[in-house]
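The values are calculated or read from the model by the stated rules, or taken from the named source; none is laboratory data. What you see is a predicted model, and the numbers here were worked out from it, not measured in a lab. Here the Cβ positions follow ideal geometry from the backbone for every residue, glycine too, while neighbour counts run over all protein chains shown. These accessible areas exclude ligands, DNA and RNA; they are computed on the full protein's heavy atoms, side chains included. Shrake-Rupley method; radii C 1.70, N 1.55, O 1.52, S 1.80 Å.
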Amino acid sequence: MAKFDKIAVLTKMGETGVVPVFYDKDPEVAKQVVKACYDGGIRAFEFTNRGDFAHEVFAEVVKFAAKECPEMAMGVGSIVDPATAALYIQLGACFVVGPLFNPEVSRICNRRLVPYTPGCGSVSEIGAAQETGCDLCKVFPGDVLGTKLVKGLLAPMPWSKLMVTGGVEPTKENIESWVKAGVFCVGMGSKLFPKDKVAAQDWAYVSAKCAEAIGYVAEARKK
């Protein structure tokens, strides 16, 4: 059962403006990454369903986060089908993210009032997802679609809440460009977690990068 409801989850995403995207087959590594992000100010974390037994890793991390990161909303990413969405919701996922839009996943998530953020690549796709109850849609891949899609969509559909993922970098210039375009939040993966830093267990680096990215979002919103 989700620890936080839909409104609380979307609020956490919107307030920080940054959602880390991460996967590791080792539960201990994943736990430390979640804690490092939490210490850096992150309050919504997307664990991606990328490897064998990923749901077992997620189950361990959720229990860890409940104790060590009490305000963290743990979600799952890379979900393409309703059965997998249901599995993760049962394990405590507070939100579900996918690389594509599957209306059947919307049905599963809506039944439990868990936010579903599907990956969309066009205005029509985002409109179709919104019709099924998706409050927040993911512009993906962001580095391919660009900020112009966000600006163009928000002109006729200003009620839209968008998260951009794919190629987003924890730099002032990159984050500012997306915030100015009008995104609700950004999703960030490998750029926040360089392999060498994770291998060296440099969790202070991860915390600092998260805090830096959140700061860039806040700064850009003031302009």
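Quick look at the numbers
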{"item": "Matching residues, segment 1-24, being outside any helix (DSSP H, G or I) and under 24 Å from E169 (Cα atoms)", "result": "G17, V18, V19, P20, V21, F22, Y23, D24"}
{"item": "Check on E28, open to solvent by 30 Å² or more (accessible area, probe 1.4 Å) and either in contact with a His (Cβ under 6 Å, 6 or more places away or on another chain) or in a helix (DSSP H, G or I) (or both)", "result": "yes"}
{"item": "Residues (more than 18 Å from V144 (Cα to Cα), charged (D, E, K, R) and not in a helix (DSSP H, G or I)) located in segment 172-213", "result": "D202"}
